[in-house]
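Colleague: Once you've had a glance at the structure underneath, I'll fire off some questions.
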Amino acid sequence: IKDDVKTTYMLLFIFITILIVFSASWLGLYLARGITTPIGLLVTAAAEVANGNLDVKIDYKSKDEFNALIREFNRMVSDLKENRAKLNMSTIELGHRRSMTENILKNITTGVIALDSRGEIIDINPAAAAMLLLEADYVLKKHFSEAASGDSYKNITQIIEKAYSTNFKLIEKEIDVKIGGRILNLATKITQIRNPVDNKFAGILVVLTDLTELIRAQRMLVWREGAKRIAHEIKNPLTPITISSQRILKSFELPDDKFRKMVEDSLNI
């Protein structure tokens, strides 16, 4: 029975071998699946995040290290989503503030000119352009000495040059300029512009307030007050003169000596 025993052992050996190979393969596939499945989920989710989809959430639970990794990944995506929402809100608020600032600068009567650290005009509001007879689109990105050249702007350019040469200290001064055949009295105030991030010098802000009409009104008020005082001073002697004249008129019927006395007293007054 040697051949039968040999065949039986061979079949048993082959069966055990197949069983071991199958078990090893199945175990390998199981272990590989435990690694490749979470990695695949992470790769897919990362691709979605890269495309801007922050609503991704990996639903995977296990008892190995991948569970902690996926949990942290989900938390990271949640934080990214929250930060993006905050950033969007900040951007909207920033845009709203910028719009409000532009609206204010556009509608105020005070002239505002912003210059960078090199002296180039980076912004000018309509009031300043109208005040100085400048075209806003033309002067932007140009040096102030080029944009406002000529004797008419001499006082303005001098005070701006002084601001750049004196370490950008606060300057307040009233200047007279003759532009377009009219003399303007401008209250000029120059302040620094600093970068909010690193607090470094970023330029200067020139604020121009037209005081021409105010000064004219003040002069008219002074003249009016002077005229009132002069009228009052003239009125003071006129009152006794009038009274004396009335006394003379009423004394015509008096005797000569009394009439003479009344006339002399009235004339002396």
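Colleague: Criterion first (without any contact (Cβ under 8 Å) to a residue 12 or more places away in the chain, open to solvent by 60 Å² or more (accessible area, probe 1.4 Å) and touching a Lys or Arg at 6+ places or on another chain (Cβ under 8 Å)) does ARG194 satisfy it?
Modeller: yes
Colleague: Can we say LEU42 is assigned to a loop (DSSP other than H, G, I, E, B), at pLDDT below 85 and within 46 Å of the chain's Cα centre (by Cα)?
Modeller: Taking the combined requirement at face value, the residue does not satisfy it.
Colleague: State all residues of region 84-121 that are under 22 Å from GLY150 (Cβ atoms) and touching a residue at least 60 places away in the same chain (Cβ under 8 Å); if no residue qualifies, say none.
Modeller: GLY111, VAL112, ILE113, ALA114, LEU115
Colleague: Within the bounds of region 161-176, is there any residue that is without any contact (Cβ under 8 Å) to a residue 12 or more places away in the chain and β-branched (Val, Ile, Thr)?
Modeller: Scanning region 161-176 turns up at least one residue that is without any contact (Cβ under 8 Å) to a residue 12 or more places away in the chain and β-branched (Val, Ile, Thr).
Colleague: Taking ASN199 as meeting all but one of (1) free of Cβ contacts under 8 Å to residues at least 12 places away in the same chain; (2) part of a helix (DSSP H, G or I); (3) under 60 Å from the mean Cα position of the chain (by Cα), write down the number of the exception.
Modeller: (2) is the only condition that ASN199 fails.
Colleague: Still on this structure, please answer the following. May I ask you to verify whether ASP79 is over 30 Å from SER145 (Cβ atoms), out of contact with any helix residue (DSSP H, G or I) (no Cβ under 9 Å at 6 or more places or on another chain) and open to solvent by less than 100 Å² (accessible area, probe 1.4 Å)?
Modeller: yes
Colleague: Report yes if some residue within region 226-245 is within 50 Å of the chain's Cα centre (by Cα), of a type in the set (A, V, I, L, M), part of a helix (DSSP H, G or I) and modelled with pLDDT under 80; otherwise report no.
Modeller: no
Colleague: Of the conditions (1) among the β-branched types (Val, Ile, Thr); (2) out of contact with any Ser or Thr (no Cβ under 8 Å at 6 or more places or on another chain); (3) surrounded by 12 or more Cβ atoms within 10 Å (Cβ to Cβ), VAL206 clears all except one; give me its number.
Modeller: Answer for VAL206: the failing condition is (2).
Colleague: Please go through region 47-56 and give me each residue that is surrounded by 12 or more Cβ atoms within 10 Å (Cβ to Cβ) and touching a residue at least 12 places away in the same chain (Cβ under 8 Å), ordered by number.
Modeller: Once the filter is applied, which keeps residues that are surrounded by 12 or more Cβ atoms within 10 Å (Cβ to Cβ) and touching a residue at least 12 places away in the same chain (Cβ under 8 Å), region 47-56 yields VAL49, LEU54, VAL56.
Colleague: Would you please list the contacts, defined by Cβ atoms under 6 Å and residues six or more apart or on different chains, that run from a residue in region 1-16 that is open to solvent by 100 Å² or more (accessible area, probe 1.4 Å) to a residue that is in a helix (DSSP H, G or I) and not β-branched (Val, Ile, Thr)?
Modeller: Close Cβ pairs (under 6 Å, with a partner that is in a helix (DSSP H, G or I) and not β-branched (Val, Ile, Thr)) do not exist here.
Residue-by-condition table, conditions (1) of a type outside the set (Lys, Arg); (2) over 30 Å from ILE269 (Cα atoms):
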| residue | (1), (2) |
| --- | --- |
| GLY203 | yes, yes |
| VAL207 | yes, yes |
| THR212 | yes, yes |
| ARG216 | no, yes |
| VAL222 | yes, yes |
| LEU238 | yes, no |
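Colleague: Identify the single condition in (1) touching a residue at least 24 places away in the same chain (Cβ under 8 Å); (2) in a helix (DSSP H, G or I); (3) of a type in the set (D, E, K, R) that ARG75 does not satisfy, given that it satisfies every other one.
Modeller: For ARG75, the exception is condition (1).
Colleague: Next question, about the same structure. Any chance you could count how many residues in region 22-78 are among the basic types (Lys, Arg) and closer than 30 Å to ASN88 by Cα?
Modeller: 3
The values are calculated or read from the model by the stated rules, or taken from the named source; none is laboratory data. Everything numeric in this text was worked out from a predicted model, so none of it was measured. Cβ coordinates were reconstructed from backbone atoms using ideal geometry, including for glycine residues, and neighbour counts include every protein chain displayed. Quick note on the areas: whole protein, heavy atoms, side chains included, nothing else; ligands and nucleic acids left out. Shrake-Rupley method; radii C 1.70, N 1.55, O 1.52, S 1.80 Å.
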